[in-house]
Amino acid sequence: MKVQGTHYRSIWYDYKDCQVKIIDQRWLPHDFRIVALTNLNEFAVAIRDMWVRGAPLIGATAAYGVAISLSDDASDSGLKNTYDTLIETRPTAINLKWALDRLLGALTPVSEDERPLKALELAHQVAEEDVGINKKIGEHGLEIVKKIASKKPAGEPVRMLTHCNAGWPATVDWGTATSPMYHAHEAGIPIHVWVDETRPRNQGASLTAWELGHHGVPHTVIADNAGGHLMQKGEIDLCITGTDRTTATGDVANKIGTYLKALAAHDNGVPFYVALPSPTIDWTLRDGIAEIPIEERAESEVTKMTGRTADGAVETIRIVADGSPAANPAFDVTPARLVTGLVTERGIAEASREGLLELFPERR
Ligand code: MRU
């Protein structure tokens, strides 16, 4: 998608420099910085410390991480060490394991000499597939938006709420939750997006608002706790979020706070959709609350906030009293019963085992 009129992906291979490049998302929206990741350690740090984040992008970054790491050591032990290092970086997004398993499976039978090139080819495949999948999610999600728009007086926007950033910076391109928004916007359907700020790291305020702004999509940032009130007042036509891991039964793990939005949506009769590429489905799990590992991140993400001061400097300040401890579970699980539908690249599934199997019959 575009940044100041120029098309970017969140990760790409720069053939001129023979390097993998990313947008370092820690600095957004204040600073647009591109950095190269040049060895296994840098890839691991970039994922763990959230220079890149969002389930699909974590998967694509891991795939490129394997390729770059194998250019240093393509032996069996090098491959194992790469897998073991990257798999430890973040626990909730299943796309990480999906990508690493895919590369490990394909590279194990390949000779050491051929592995680096083959790994790069596979990483490109993972990235390209993600773009295609997210475009399809947008096409299917567009049908939901069109249906709601058709029931409104001409010219009135479809008002959607989203949580966290499931936009193009969370994927290779298009985003998942934002893809229907971009498709609707491009189709000339008026929309307005309520953007949850998404404490503690503010992915909504820092990333979703930023990317929608660069595309001219009308939006308003709200405090995380405002969504329920807006739903009661009839200001939200639908919610659409992303997910880091969805069980085979349709339970959905996503950024902390998603569950509360789903509860409020349920109470107010607002449809609650989750957009997801199929690599985000963990077909081995049945009970999301019991089985999905929830990442616990540093206290400092809660006790501190980063922003730009009046003189233009980006600074981090403490907002919690000295000595008060903080807890920081990074995700929560929304049970399938609260999810109106799962928007996938193959269409919209009911959030249930049967619903998913109808779209993915090869998993029966
Ligand atoms: O901690 P983050 O920023 O990686 O969390 C991201 C989310 O929760 C997204 O909603 C999810 O990964 C889906 S991205 C298409």
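Evaluate the following for Ser206: is it under 22 Å from Asp49 (Cβ atoms), of a type in the set (Ser, Thr, Tyr) and within 16 Å of the ligand (Cβ to nearest atom)?
Taking the combined requirement at face value, the residue satisfies it.
Consider Ile289 carefully, then state whether it is of a type in the set (A, V, I, L, M, F, W, C), more than 20 Å from the chain's Cα centre (by Cα) and not in a strand (DSSP E or B).
On the way: of a type in the set (A, V, I, L, M, F, W, C): yes; more than 20 Å from the chain's Cα centre (by Cα): no; not in a strand (DSSP E or B): yes.
No, not satisfied.
Going through the range 176-200 one residue at a time, which ones are of a type in the set (Gly, Ala, Ser) and in contact with a Ser or Thr (Cβ under 9 Å, 6 or more places away or on another chain)?
Those that are of a type in the set (Gly, Ala, Ser) and in contact with a Ser or Thr (Cβ under 9 Å, 6 or more places away or on another chain): Ala177, Ser179.
I need the strands (runs of 3 or more DSSP E) fully contained in the range 309-361, keeping only those with at least 3 residues that are loosely packed, with under 14 Cβ neighbours inside 10 Å.
By residue number, 314-318.
Give the number of residues within the range 226-266 that are within 10 Å of the ligand (Cβ to nearest atom) and charged (D, E, K, R).
Summing the residues that are within 10 Å of the ligand (Cβ to nearest atom) and charged (D, E, K, R) in the range 226-266 gives 3.
Please find, within the range 273-311, the residue that is nearest to the ligand (Cβ to nearest atom) out of those that are of a type in the set (Asp, Glu) and over 20 Å from Ile47 (Cβ atoms).
Quick first cut of the range 273-311, residues of a type in the set (Asp, Glu) only: 282, 287, 291, 295-296, 299, 301, 311.
Imposing the further condition that a residue be over 20 Å from Ile47 (Cβ atoms) reduces the set to 287, 291, 299, 311.
Details: Asp287: 20, Glu291: 18, Glu299: 16, Asp311: 28 Å.
Among residues in the range 273-311 that are of a type in the set (Asp, Glu) and over 20 Å from Ile47 (Cβ atoms), the one nearest to the ligand (Cβ to nearest atom) is Glu299.
Conditions (1) among the charged types (D, E, K, R); (2) in contact (Cβ under 8 Å) with a residue 60 or more places away in the chain, marked per residue:
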residue: Ala223; (1), (2): no, no
residue: Lys233; (1), (2): yes, no
residue: Cys239; (1), (2): no, yes
residue: Ala248; (1), (2): no, yes
residue: Asn254; (1), (2): no, yes
residue: Val274; (1), (2): no, yes
residue: Gly288; (1), (2): no, no
residue: Pro293; (1), (2): no, yes
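Can you find, within the range 173-187, the residue that is farthest from Glu235 (Cα to Cα) among those that are among the aliphatic types (A, V, I, L, M) and either near the ligand (Cβ under 10 Å from one of its atoms) or surrounded by fewer than 24 Cβ atoms within 10 Å (Cβ to Cβ) (or both)?
Ala187
Counting only residues that are among the β-branched types (Val, Ile, Thr) and within 23 Å of Arg346 (Cα to Cα), give me the helices (runs of 4 or more DSSP H) lying completely in the range 161-238 with at least 1 of them. Steps first, please.
Values: elements: 178-186, 209-214, 227-232.
Filter on the range 161-238 gives 178-186.
Read the figures in this text as sums done on the coordinates, not as results from a lab. The shown structure was predicted, so the numbers you read here are calculated from the model rather than taken from an experiment. Cβ coordinates were reconstructed from backbone atoms using ideal geometry, including for glycine residues, and neighbour counts include every protein chain displayed.
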